[in-house]
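Below: one structure, written as structure tokens.
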Amino acid sequence: MVKVLLDGEHKSGKTSFHECAMKDSPVSLNPFILPPIGIDFAVKQFNIGQETKLKLELWDSYSGERVLHIPFTFYRATSTILLLGNPYSSNVKHVFDYKKEEFRTHAINPEVILLTTKSDLENSSAERSLCI
């Protein structure tokens, strides 16, 4: 079993990513996805080749204005954290730095993968706030 946690900035696309990955539901078919209240998760099994089976637990965290951080117990046994952010947001760099410190303090050496979202949206007037 592999536990992966989606974390990041408010409205960065965590729930849309979760829906697409775990329910094979394209965002374009359901543009009104409701965020979880607290934490949501789903389990999906993948067959790799003839004999290898991988069971994935994907956890979706709500990062609204009322919730500054997710409960630290959800970092326990997490092997990978997908840190999502909108590169057009002025707050993205601050959120990434804050989350990085949270992971160092409460998670046990997870792999952290930074994903920028919203690339499908036209935003030619805005500059990217995050340089990668």
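The values are calculated or read from the model by the stated rules, or taken from the named source; none is laboratory data. These numbers were taken from a predicted model, which means no experiment stands behind them. Reconstructed Cβ throughout: ideal geometry from the backbone, glycine too, with neighbour counts over all protein chains shown.
Would you confirm whether any residue within region 73-83 is free of Cβ contacts under 8 Å to residues at least 60 places away in the same chain and loosely packed, with under 13 Cβ neighbours inside 10 Å?
So far as region 73-83 goes, yes, one or more of its residues are free of Cβ contacts under 8 Å to residues at least 60 places away in the same chain and loosely packed, with under 13 Cβ neighbours inside 10 Å.
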Exercise. Considering only residues that are closer than 21 Å to residue 21 by Cβ and over 13 Å from the mean Cα position of the chain (by Cα), look in region 79-102 and name the one that is modelled with the highest pLDDT.
Key: 79
Practice problem: Would you check which residues across region 14-69 are among the aromatic types (Phe, Trp, Tyr) and at pLDDT 80 or above and list them? | Solution: 17, 41, 46, 59
